[in-house]
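A short write-up of the structure that comes next.
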Amino acid sequence: MGEQAEDSGRSGDQVNLTINGKSISAPSSLSVIQALWHTGYPRVKSVGCLEGVCGSCRVMVRRVDSREVTTELGCQVLIEEGMQVNFLLFPTPTHHRYQLEEINSSWEVQGKFHKFFPEAEMCRHCGGCNQTCPKGISVELGVELASKGRFEEAGALFIECVLCNLCQTACPESIAPNHVGLFSRRVSAYFHIRPSNLINRLEKLRKGELEIIK
Ligand code: SF4
Ligand code: SF4
Ligand code: FES
């Protein structure tokens with residue numbers, strides 16, 4: 001489901017499910033959060049944008065006839081008959097503190113990365129982060145690329161990241177893959193080589209070869 005479900009509150013077959021152990025009945029056209037509201041359960045904790053962007057509404061979902069438990073975004077998943085849903089609440093650890101100004105040149109980036117994220121090299125390639133990511137990001141690969149100093153490629157993988165922290169919670173090595181992704185995107189932008197045509201124009205300005213019309 002790419003966008004928030006239509007909140008007609010009436011359309012769709014009526015389905016029965018449990019959310020946080022509470023049995024509810026609501027139209028199948030509703031998302032998990034809409035279904036809660038529809039049944040008069042005024043949940044606001046872990047609810048933010050309702051657009052699949054803020055990453056607040058993390059839920060654990062188990063469907064009928066499946067032993068698999070998935071992690072999804074409650075505003076983006078439509079309810080189904082027999083579904084069991086639980087909201088995931090946990091603190092958001094922020095144990096990586098750095099300033100990009102601490103990195104003097106792009107030559108230093110990889111070394112600094114391993115200083116800021118020493119645990120990234122401990123990745124055991126268990127795939128837990130991939131499985132838990134509700135945005136389908138190749139999280140494990142992103143961590144591997146960043147560890148090898150391939151920050152542009154790593155950062156590109158995390159473009160859709162909503163910083164829900166599920167990957168971090170799933171990681172047995174306490175790696176914060178989403179923070180690795182953010183770091184990769186930041187350093188890529190910070191040390192980005194400017195477009196050659198812009199550099200050429202600035203050089204012409206410096207030499208007085210280009211007139212500025214005011
Ligand atoms: S990479 Fe991690 S923080 Fe980002 S969306 Fe996926 S699970 Fe959430
Ligand atoms: S969950 Fe952690 S250890 Fe497992 S693959 Fe992802 S980053 Fe590596
Ligand atoms: S409420 Fe923001 S992603 Fe669901």
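Before moving on, here are some points about what is shown:
- The fraction of accessible area contributed by carbon and sulfur in region 9-127 is 51 percent, rounded to a whole number (1.4 Å probe; ligands and nucleic acids excluded).
- For region 76-119, the Cβ-based charge dipole about the Cα centre amounts to some 240 debye (Lys, Arg positive; Asp, Glu negative; other atoms uncharged).
- With each label modelled as a point 7 angstrom along the Cα→C-beta vector, the HIS96-GLN14 pair spans 4.9 nm.
- Efficiency of FRET from Cβ geometry, GLU152 and GLU108, R₀ 25 Å, rounded to 0.05: 0.95
- In this label model, CYS49 and ALA189 are separated by 1.4 nm, measuring between points 7 Å along each Cα→Cβ vector.
- Probing with 1.4 Å while keeping every protein chain in the model, the per residue accessible area of the chain equals 59 Å².
- Within a Gaussian network of the chain (alpha carbon springs, distance under 10 Å), most fluctuating of LEU202, LEU163, LEU30: LEU202
- Using the average count of surrounding beta-carbon atoms within 10 Å as a protection proxy, the listed peptides 81-89, 67-75 rank, highest first, as 67-75, 81-89.
- Positive-pole candidate from GLY128, MET83, GLY181, dipole of the chain, charges at beta carbon: GLY181
- The modelled label-to-label distance between MET60 and LYS207, using points 7 Å beyond Cα along the C-beta direction, is 6.6 nm.
- Size of charge dipole - the chain - debye, nearest 20, with Cβ of Lys, Arg +1 and Asp, Glu -1, no other charges: 620
- Here the Karplus curve 6.51 cos²θ - 1.76 cosθ + 1.60, taken at θ = phi - 60°, turns the phi angles of region 12-22 into couplings of x, 5, 6, 10, 10, 7, 10, 10, 6, x, 9 Hz, with x standing for Gly and Pro.
The values are calculated or read from the model by the stated rules, or taken from the named source; none is laboratory data. Quick caveat: nothing in here was measured; it's all calculated off a predicted structure. Note that each Cβ is placed from the backbone with ideal geometry, even for glycine, and that neighbours are counted across all protein chains shown. Ligands, DNA and RNA are excluded from the accessible area calculation, which covers all protein heavy atoms including side chains. Shrake-Rupley method; radii C 1.70, N 1.55, O 1.52, S 1.80 Å.
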